[in-house]
Amino acid sequence: MCGIVGYVGKKSVVDILTDGLEQLEYRGYDSSGIAVMCKDDIKVYKAVGKLKNLREELKGHENEFASSTMGIGHIRWATHGAPTVLNAHPHTCNCGNLVIVHNGIIENYKELKENLIKLGCIFRSETDTEVVAHLVARKYSQCNDLTEAVRLASKDIEGAYALCVMHNDCKQKLVITKRNAPLVVGVGLNEFYAASDVPAIIKHTNKAVYLSDNQIATLTPEKMELIDGDGNKIEPKAEILPWEPVALSKMGYKHFMLKEIHEQPDVIRNILVGRLHAPDENVVLDEVKLTKETLKNLNRIQIIACGTSLHAAMIGKYLIESFCGIAVDVEASSEYIYRKTVTDEHTLVIGVSQSGETADTLTAIKQSKAKGSHILIITNRPDSAMAREADSLIPVSAGIEVSVAATKSYVAQLMAFYLLALYMAEIKESMAVSDLTSLKAELMILPQKIEQILAHKDDIQRVAKCYANTKDFIYIARGINYPTALEGALKLKEISYINATGYPAGELKHGPIAMLDETMPVLSILMNGSVYEKLLSNSEEAKARNARMIALTNSKDEKLNDLFENIIRVPDVQELFSPIIAMIPLQLIAYYIAEFLGKDVDQPRNLAKSVTVE
Ligand code: F6R
């Protein structure tokens, strides 16, 4: 996590840095800071908390940096050391001539620090980053070349990093490098930008160079020089970024989350383009590079993911198993990587990640790749580290998701699983053609159904407000919607801080039912289908313990009015597609409760959008 930016060119740098950091706030917001090459020397400005505090801090200093055209900036998600000004980046060496910003974790920082202290370095922060500032400065004092100093220092560093470095001796030079952390260079006319992610630069340029691990770029207004970790020259390859600057605007919505919820019908339409033309035509999924023969004989799939993506994966398992009869295991990446797994070259491994940068999932993918598995990545970021590990890549094309709470990327991931499961079922001939046709027909009209729900969002807001002051919240469901209950609860807890939990309803009586009394809201995801009656009984059991019952349902059953104090009705849909239809009101409930409570919806406390630490 953390976000870094850098700029060297002819324009006034401070606004470029602060605007860039604002676009990276989703990566963390514990503190921020910039270092700017001023007339005589580098000046550093820092503040604790959100970026607006740094903007305040900068007020009154305008004369110092009015003509500055080079600088670096950082927004922090604290790992080593509390969110204080001392721990905020940029960090400097002893004499302050060298400044550095860093995203990632230096794993061997303790031993590096001990050695550097012995050599006379004085540490002012508790961060792992500061060792890099001292280390590069020492190398610089030996070789007098900033690029070489960074290259030599990176040989001593273990862990993950993206770094931007400046030195008082080099008035128009930035040196940047990375390993296991994202870093992109934006290419302008007589100017270069560096950033952890595209949103920080897309307003200025759509031409970019992605650095590979261990590469070091030296940026001056005129040119970008690239070398590998051994010092060999490399020709930088620029590509055109697919992002539109407009994607970063709220477009009149109060929060990005609300905007992104409303984008979901179009997200579904987008992912279907070119892949599903008509219900009676086969799904086209050229992105899957496994041969038809291999797919036919496949008997095991392992899906790995974290958080919301893990919930999408759980539904993916349900779909693949029921459409194709292939056994699927789903595991949180953070668990998967620390045990002996039986993944091998006969297992298809699917990694699911909105950002494509989540450290645990990336490590899990690399581990399975080393064991010979075919790696299929489902991600919203075809330009991410995970995408680069992929043998097969399904980009979900949800457009950039700014709000920390994932919404549209989740629905897009589900769509990828529907297409994949249908595609494999067609190849394996594991379902009747008439069933496939009916499923595809329904898939194609999901956007209209979501639009119907969004048209009645005021009703959902009204229900949500009834529960805004509760301390706890339980979501129950069964079958394919059990992960929907988990995801609904996750959405609520992460943005409202209400203690929300999702349960498979059949498990209530094995413990959680003890929690129920007249203060506890229980939301039952009661969708027509194979487990409807069972879930209804479980809801009765909860009602018998006086819980405040809410139904989210597509049933027209009048009896429900007696059982539930509030009912949110959604359009009818085949059970297999109910996770998409049910999710929209759950996102809205979480949103409206958090908004009603005045929480920071798009940037909830302690979270970051891209979790690049294990
Ligand atoms: C919740 C949320 C997180 C992410 C998780 C994995 O709204 O966004 O739970 O889903 O951190 O991130 P990705 O999908 O980028 O791997």
Residue under evaluation Ala489, criteria (1) small (Gly, Ala, Ser); (2) farther than 27 Å from Ser530 by Cβ; (3) in contact with a strand residue (DSSP E or B) (Cβ under 8 Å, 6 or more places away or on another chain), criterion not met: (2)
Test set (1) more than 20 Å from Ala160 (Cα to Cα); (2) part of a loop (DSSP other than H, G, I, E, B) - Ile117 fails condition number: (2)
Helices (runs of 4 or more DSSP H) contained in segment 524-614 and holding at least 3 residues closer than 29 Å to Ala406 by Cα: 532-544, 578-596
Cross-chain or 6+ apart pairs with Cβ under 7 Å, segment 207-231 first and touching a residue at least 24 places away in the same chain (Cβ under 8 Å), then part of a loop (DSSP other than H, G, I, E, B) and among the small types (Gly, Ala, Ser): Lys207/Ala238; Ala208/Ala238; Val209/Ala238; Asn214/Gly229; Pro221/Gly9
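Starting from residues that are under 29 Å from the mean Cα position of the chain (by Cα) and either among the basic types (Lys, Arg) or surrounded by fewer than 18 Cβ atoms within 10 Å (Cβ to Cβ) (or both), keep the ones in segment 87-134 and report whichever is modelled with the lowest pLDDT.
Ranking the qualifying residues of segment 87-134, first place goes to Glu107.
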Unique match (being in a loop (DSSP other than H, G, I, E, B) and either free of Cβ contacts under 8 Å to residues at least 24 places away in the same chain or not hydroxyl-bearing (Ser, Thr, Tyr) (or both)) among Leu86, Leu54: Leu86
Top-ranked residue of segment 433-475 - restricted to ones that are crowded, with 17+ Cβ neighbours inside 10 Å and basic (Lys, Arg), ranked as nearest to Ala594 (Cα to Cα): Lys457
Sole residue being in contact (Cβ under 8 Å) with a residue 60 or more places away in the chain, surrounded by fewer than 17 Cβ atoms within 10 Å (Cβ to Cβ), assigned by TED's automatic domain parsing to the domain that holds Ser409 and farther than 18 Å from Leu393 by Cβ, chosen from Lys289, Lys296, Lys203: Lys296
Qualifying residue in segment 349-366 (condition: over 16 Å from the mean Cα position of the chain (by Cα) and either more than 16 Å from the ligand (Cβ to nearest atom) or outside the structural domain of Gly307 (by TED's automatic domain parsing) (or both)): no
Index of the failed condition, Ile72 passing every other in (1) outside any loop (DSSP other than H, G, I, E, B); (2) free of Cβ contacts under 8 Å to residues at least 60 places away in the same chain: (2)
Counted residues, segment 300-330 - those being within 13 Å of the ligand (Cβ to nearest atom) and farther than 21 Å from Leu439 by Cα: 9
Of the criteria (1) touching a Gly at 6+ places or on another chain (Cβ under 6 Å); (2) exposed (fewer than 14 other Cβ atoms within 10 Å of the Cβ), which one Ser430 fails: (2)
Search result, residues across segment 487-505 that are part of a strand (DSSP E or B) and under 20 Å from Met314 (Cα atoms): Ala500, Thr501, Gly502, Tyr503, Pro504
Any hit, segment 489-497, residues being more than 28 Å from Ser309 (Cβ to Cβ) and surrounded by fewer than 17 Cβ atoms within 10 Å (Cβ to Cβ): no
Single residue of Gln603, Gln587 found to be of a type in the set (S, T, N, Q), under 25 Å from Val352 (Cβ atoms), within 16 Å of the ligand (Cβ to nearest atom) and not assigned by TED's automatic domain parsing to the domain that holds Thr501: Gln603
Hits in segment 245-277 - residues which are more than 13 Å from Val396 (Cβ to Cβ), not in a helix (DSSP H, G or I) and not aromatic (Phe, Trp, Tyr): Ser249, Lys250, Met251, Gly252, Lys254, His255, Gly274, Leu276, His277
Qualifying residues in segment 312-336 (those that are among the charged types (D, E, K, R) and in a helix (DSSP H, G or I)) - the one farthest from the chain's Cα centre (by Cα): Glu321
Answer from Ser212, Ser309 - the residue that is hydroxyl-bearing (Ser, Thr, Tyr) and either in a loop (DSSP other than H, G, I, E, B) or over 30 Å from Ala181 (Cα atoms) (or both): Ser212
Residue match in segment 28-35 (condition: of a type in the set (Asp, Glu) and without any contact (Cβ under 8 Å) to a residue 40 or more places away in the chain): no
Ala195 among the aliphatic types (A, V, I, L, M), farther than 17 Å from Val132 by Cβ and surrounded by 24 or more Cβ atoms within 10 Å (Cβ to Cβ): yes
Residues of segment 226-278 satisfying the condition of being farther than 26 Å from Tyr591 by Cα, loosely packed, with under 12 Cβ neighbours inside 10 Å and not basic (Lys, Arg): Asp230, Gly231, Asn232, Glu235, Ile240, Val273, Gly274, Ala278
Any hit, segment 539-560, residues being more than 23 Å from Ser322 (Cα to Cα), within 16 Å of the ligand (Cβ to nearest atom) and touching a residue at least 24 places away in the same chain (Cβ under 8 Å): no
Residue within segment 379-400 that is away from the ligand (no atom under 12 Å from the Cβ), more than 18 Å from the chain's Cα centre (by Cα), in a helix (DSSP H, G or I) and surrounded by fewer than 20 Cβ atoms within 10 Å (Cβ to Cβ) present: no
Cβ-Cβ under 8 Å pairs, at least 6 apart or on other chains, segment 127-151 side within 20 Å of Leu86 (Cα to Cα), far side among the hydroxyl-bearing types (Ser, Thr, Tyr): Asp128/Thr79; Asp128/Tyr109; Val131/Tyr109; Val132/Tyr161; Ala133/Thr92
Subset of segment 474-498 (residues that are touching a Lys or Arg at 6+ places or on another chain (Cβ under 8 Å) and within 16 Å of the ligand (Cβ to nearest atom)): Ile495, Ser496, Tyr497, Ile498
Test: Arg339 is assigned to a loop (DSSP other than H, G, I, E, B), basic (Lys, Arg) and either within 16 Å of the ligand (Cβ to nearest atom) or closer than 16 Å to Met415 by Cα (or both): no
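The values are calculated or read from the model by the stated rules, or taken from the named source; none is laboratory data. Computed from a predicted model, the values in this text were never measured in an experiment. Neighbour counts are summed over all protein chains in view; Cβ atoms, including those assigned to glycine, are modelled from backbone coordinates with ideal geometry.
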